[in-house]
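The values are calculated or read from the model by the stated rules, or taken from the named source; none is laboratory data. Only a predicted model underlies this, so the values are computations on that prediction, with no experimental measurement involved. Glycine also receives a Cβ, built like all others from the backbone with ideal geometry; neighbour counts cover every protein chain displayed. Note: areas computed on protein heavy atoms with side chains; ligands, DNA, RNA excluded. Shrake-Rupley method; radii C 1.70, N 1.55, O 1.52, S 1.80 Å.
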Amino acid sequence: GGGGGGLTCGIGDRGTVCWGGGTGSPNVISGTSGMTTLAVGRGFACGLVGGGEAVCWGENKSGQLGDGTVTASPTPVAVAGGLSFSAISAGAAHACGVEGGKIWCWGRGKNGQLGGGGTSDRKKPVASWGKPLPYPILIADRRNNRLIEIAPDKRIVWEFPTPNLTIYSGNEDVNFSP
């Protein structure tokens, strides 16, 4: 589970349940039964269903739902591109997924957090780092809108905008979850 921007969600027996962020009491989000992974940003959430298909719902001003639009949706919409992710993470208004060791990101790009050298918003996933990663575990840091890669021992391996595989340590901005 996770929470951001007043929205909190968790995976339950009947699907994903979210509350806050203007939704009032807890609601089961339709179309989320069988969801295996959940990432919550600021007012939006994404998850993995089936064989790694990403779906997102909520606010979409920067394209953070990844469906090619900027239209908000209270129910899950498929992230464009037909990608099959092994991991997904959400920042304030962007999300990233790992497919085959490559990172794909979409949503707000103002601070370069989507990678690929640009700072524009992306309404669909774009390849952010072309090389396979040694540690395909990622966290999109909500506080600073960075994308970082975490080694199994929770060291920060790299972060945008300089993905140079330098080892960072002691970052108190990152909230690790199991």
Cα-projected label distance for LYS61 with ALA127, points at 7 Å along beta-carbon direction, nm: 3.2 nm
Please list VAL98, VAL70, VAL126, VAL28 in order of solvent-accessible area, largest first, computed with a 1.4 Å probe with all protein chains present. VAL70, VAL28, VAL126, VAL98
Taking a crude spin-label model, label points 7 Å out from Cα along the C-beta direction, the SER86 to SER33 distance in nm is 3.0 nm
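Counting only protein heavy atoms and using a 1.4 Å probe, what share of the accessible area of the range 59-115 belongs to carbon plus sulfur, as a whole percent? Please report the intermediate quantities before stating the final value.
Working: 1030 of 2000 Å².
In the range 59-115, the share of accessible area belonging to carbon and sulfur is 51 percent.
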